[in-house]
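Participant: Here it is: the structure, laid out below.
The values are calculated or read from the model by the stated rules, or taken from the named source; none is laboratory data. Remember, it's a predicted structure, so these values are computed and weren't measured experimentally. For neighbour counting, all protein chains shown are included, and Cβ atoms are generated from backbone atoms with ideal geometry for every residue, glycine included.
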Amino acid sequence: MSYPFQLKPLLYEHDVLEPFIDAETMYLHHDKHLRTYVDNLNKALELHPEFHSWTLEQLLMNLKLLPNDIRTMVQNNGGGVYNHNLFFELLKRDTKPSQTEPLFKAIIDVFGGIMQMEVALKKAALSVFGSGWAWLVADVDGRLSILTTANQDIIDLYNFIPIINLDVWEHAYYLKNQNRRAEYIDKFFKVINWEEAERNYAKI
């Protein structure tokens with residue numbers, strides 16, 4: 001994916017994650033918030049054709065090479081596009097981790113089990129002050145760990161592969177859960193697309 005960037009469509013209807021994530025939140029989160037990030041990213045790059053062939057990952061991994069006048073705009077909006085594209089692909093009803101997949105075994109090795117991993121990820125997500133993300137990531141050796149990022153910053157893609165990312169911006173949950181971030185996180189765990197997480201881990 002390169003300039004002009006497009007809004008990646010959802011692979012499901014807005015209401016498919018009910019009752020865990022409501023349709024109105026999904027509509028506003030994807031169709032409005034994510035679209036704004038896409039539009040602003042394109043606006044930042046419009047007058048810089050030298051970067052039109054760069055992929056989103058190339059832009060975000062090489063921010064220091066961008067001109068000062070667009071660097072922050074690309075970081076914020078490009079990060080918003082990257083993070084949200086991952087997030088929406090990681091949502092699905094009624095999937096469970098496969099005990100025969102390498103990801104399951106890696107979670108057992110590091111955390112002791114799926115529930116223990118979720119406890120650790122929830123703790124990290126609750127620790128984010130203001131807006132940001134909590135991540136389950138793997139290093140180049142497949143070792144799992146949990147990280148957090150602020151705002152729309154991305155993880156270090158040179159050293160880590162994202163497996164699961166959890167959006168803790170208020171726009172992800174405020175309509176239904178108000179200020180109850182912990183309640184939203186528990187619902188998120190009900191709609192993790194484990195098949196997609198396993199595909200992410202297979203990229204190592």
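Participant: Among the residues of the range 41-56, is any within 22 Å of Glu170 (Cα to Cα) and either modelled with pLDDT under 95 or touching a Gly at 6+ places or on another chain (Cβ under 8 Å) (or both)? Write out each step before concluding.
Facilitator: Filtering the range 41-56 for residues within 22 Å of Glu170 (Cα to Cα) gives 41.
Add one more test, that the residue is either modelled with pLDDT under 95 or touching a Gly at 6+ places or on another chain (Cβ under 8 Å) (or both), and what stays is 41.
Within the range 41-56 (the criterion being within 22 Å of Glu170 (Cα to Cα) and either modelled with pLDDT under 95 or touching a Gly at 6+ places or on another chain (Cβ under 8 Å) (or both)), the answer is yes, since at least one residue qualifies.
Participant: For residues in the range 135-147 being over 16 Å from Gly80 (Cβ atoms) and in contact with a helix residue (DSSP H, G or I) (Cβ under 9 Å, 6 or more places away or on another chain), which is surrounded by the most Cβ atoms within 10 Å (Cβ to Cβ)? Reasoning before the result, please.
Facilitator: Initial filter on the range 135-147 (over 16 Å from Gly80 (Cβ atoms)): 136-147.
Then drop every residue that is not in contact with a helix residue (DSSP H, G or I) (Cβ under 9 Å, 6 or more places away or on another chain), which leaves 136, 138, 142-147.
Numbers: Leu136: 28, Ala138: 21, Gly142: 14, Arg143: 13, Leu144: 20, Ser145: 14, Ile146: 20, Leu147: 15.
Result: Leu136.
Participant: Exactly one condition in (1) touching a helix residue (DSSP H, G or I) at 6+ places or on another chain (Cβ under 7 Å); (2) surrounded by fewer than 16 Cβ atoms within 10 Å (Cβ to Cβ) is not met by Arg181; state its number.
Facilitator: Here Arg181 meets the rest and fails (2).
Participant: Let me ask another. Specify the residue that is surrounded by the fewest Cβ atoms within 10 Å (Cβ to Cβ); the eligible residues are those in the range 45-60 that are touching a helix residue (DSSP H, G or I) at 6+ places or on another chain (Cβ under 7 Å) and either polar (S, T, N, Q) or within 20 Å of Asn85 (Cα to Cα) (or both). Give the derivation first.
Facilitator: Just the residues of the range 45-60 that are touching a helix residue (DSSP H, G or I) at 6+ places or on another chain (Cβ under 7 Å), to begin with: 45, 48, 51-52, 56, 59-60.
Cutting the leftovers down to either polar (S, T, N, Q) or within 20 Å of Asn85 (Cα to Cα) (or both) gives us 45, 52, 56, 59-60.
Working: Leu45: 24, His52: 12, Leu56: 19, Leu59: 26, Leu60: 21.
Out of the qualifying residues, it is His52.
Participant: Here is a follow-up. Tell me the residue from Lys43, Lys96, Lys64 that is outside the structural domain of Asp141 (by TED's automatic domain parsing), among the basic types (Lys, Arg), under 21 Å from Tyr184 (Cα atoms) and over 16 Å from the mean Cα position of the chain (by Cα), please.
Facilitator: On the way: Lys43 fails: under 21 Å from Tyr184 (Cα atoms); Lys64 fails: under 21 Å from Tyr184 (Cα atoms).
None of the others qualify; the one that does is Lys96.
Participant: Moving on. Has the range 45-65 got at least one residue that is in contact with an Asp or Glu (Cβ under 8 Å, 6 or more places away or on another chain) and under 19 Å from Ser131 (Cβ atoms)?
Facilitator: Pass one, the range 45-65, residues in contact with an Asp or Glu (Cβ under 8 Å, 6 or more places away or on another chain): none.
No; the residues of the range 45-65 include none that is in contact with an Asp or Glu (Cβ under 8 Å, 6 or more places away or on another chain) and under 19 Å from Ser131 (Cβ atoms).
Participant: Within the range 61-71, how many residues are in a loop (DSSP other than H, G, I, E, B) and loosely packed, with under 15 Cβ neighbours inside 10 Å? Even if it seems obvious, please write down each step before you answer.
Facilitator: Taking the range 61-71 and keeping what is in a loop (DSSP other than H, G, I, E, B), we get 62, 66-67.
Still in the running and loosely packed, with under 15 Cβ neighbours inside 10 Å: 62, 67.
Number of matching residues: 2.
Matching residues to (1) over 18 Å from the mean Cα position of the chain (by Cα); (2) free of Cβ contacts under 8 Å to residues at least 24 places away in the same chain; (3) more than 23 Å from Leu56 (Cα to Cα):
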{"site": "Ile114", "(1), (2), (3)": "yes, yes, yes"}
{"site": "Val140", "(1), (2), (3)": "yes, no, no"}
{"site": "Leu157", "(1), (2), (3)": "no, no, no"}
{"site": "Glu170", "(1), (2), (3)": "no, no, yes"}
{"site": "Asn179", "(1), (2), (3)": "yes, yes, yes"}
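Every residue, every condition in (1) in a loop (DSSP other than H, G, I, E, B); (2) touching a His at 6+ places or on another chain (Cβ under 6 Å); (3) without any contact (Cβ under 8 Å) to a residue 40 or more places away in the chain; (4) more than 26 Å from Ala150 (Cα to Cα), yes or no:
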position	(1), (2), (3), (4)
His14	yes, no, yes, yes
Glu24	no, no, no, no
Val38	no, no, no, no
Glu50	no, no, yes, yes
Met73	no, no, yes, no
Asn76	no, no, no, no
Gly79	no, no, no, no
Asp94	yes, no, yes, yes
